């Protein structure tokens with residue numbers, strides 16, 4: 001890889017591109033400023049060093065605490081990581097677990113899976129919609145229920161197996 005900086009301070013791979021791919025579609029305008037009064041020349045585009053990258057990753061890192069593995073349904077074989085706090089399940093793309101293909105799952109918050117980092121326990125909560133059945137180990141639930149390794153969860157036409165990574169013995 002031949003990292004090159006163009007006259008507009010964009011970095012690009014000169015082995016792949018003859019000219020800057022960022023600049024090819026932008027008409028060249030001298031000294032235009034953005035809404036903050038900065039010009040392209042005054043914007044810092046330096047590549048961060050390794051220490052800065054490590055600090056960024058550490059501050060923006062979410063540790064996996066468990067998984068849902070789809071065993072039946074449109075996404076059979078897919079796994080979905082669970083994180084500390086509340087994991088929202090629905091069809092919309094902004095949900096933590098987005099089940100696009102499952103038409104029987106509500107667009108937003110069909111169910112919630114919560115990991116409590118103080119007690120190292122998971123629970124599942126239905127969202128109390130008449131159209132959002134949550135089935136845990138063969139029983140429709142109406143109240144929050146604890147989750148245990150290998151519990152079966154059915155949301156609409158999709159079945160999951162729950163697998164905990166964090167517990168009292170192992171946690172972040």
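No lab work stands behind these numbers, since they all come straight from the coordinates. Since we're looking at a predicted model, the values are computed, not measured. No Cβ is skipped: glycine too gets one built from the backbone with ideal geometry, and neighbour counts run over all protein chains shown.
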Given a Förster distance of 30 angstrom, what is the FRET efficiency for residue 139 paired with residue 62, based on the Cβ-Cβ distance and rounded to 0.05? 0.45
What is the spin-label model distance, in nm, from residue 168 to residue 50 if the labels are put 7 Å beyond Cα along the C-beta direction? 4.1 nm
Calculate the spin-label point distance for residue 76 paired with residue 17, positioning each point 7 Å from the Cα along the beta-carbon direction, and give it in nanometres. 4.3 nm
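Provide the FRET efficiency to the nearest 0.05 for the residue 118-residue 150 pair, computing r from the beta carbons and using R0 = 25 Å. Provide the component values of the computation, followed by the final result.
Details: r = 24 Å, r/R0 = 0.95.
For R0 = 25 Å, the calculated efficiency reads 0.60.
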Output needed for segment 64-164: three equivalent-ellipsoid semi-axes, defined as square roots of 5 times the C-alpha gyration tensor eigenvalues, in descending order, whole Å. 18, 15, 13
From a point 7 Å beyond the Cα of residue 101 in the direction of its Cβ, which residues of segment 59-88 have a backbone N at a distance under 17 Å? 68-81
Model label zone, residue 108; criterion: amide N under 18 Å from point 7 Å along Cα-to-beta-carbon; scope segment 69-89: 86-89
Ranked packing of 89-95, 14-20, most packed first, by mean Cβ within 10 Å: 89-95, 14-20
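So, by mean Cβ neighbours within 10 angstrom, what's the order for 136-148, 153-165, 68-80, 100-112 with the highest one leading? Working shown, then result.
Details: 136-148: 13.1, 153-165: 19.4, 68-80: 15.7, 100-112: 17.8.
In descending order of packing, they fall as 153-165, 100-112, 68-80, 136-148.
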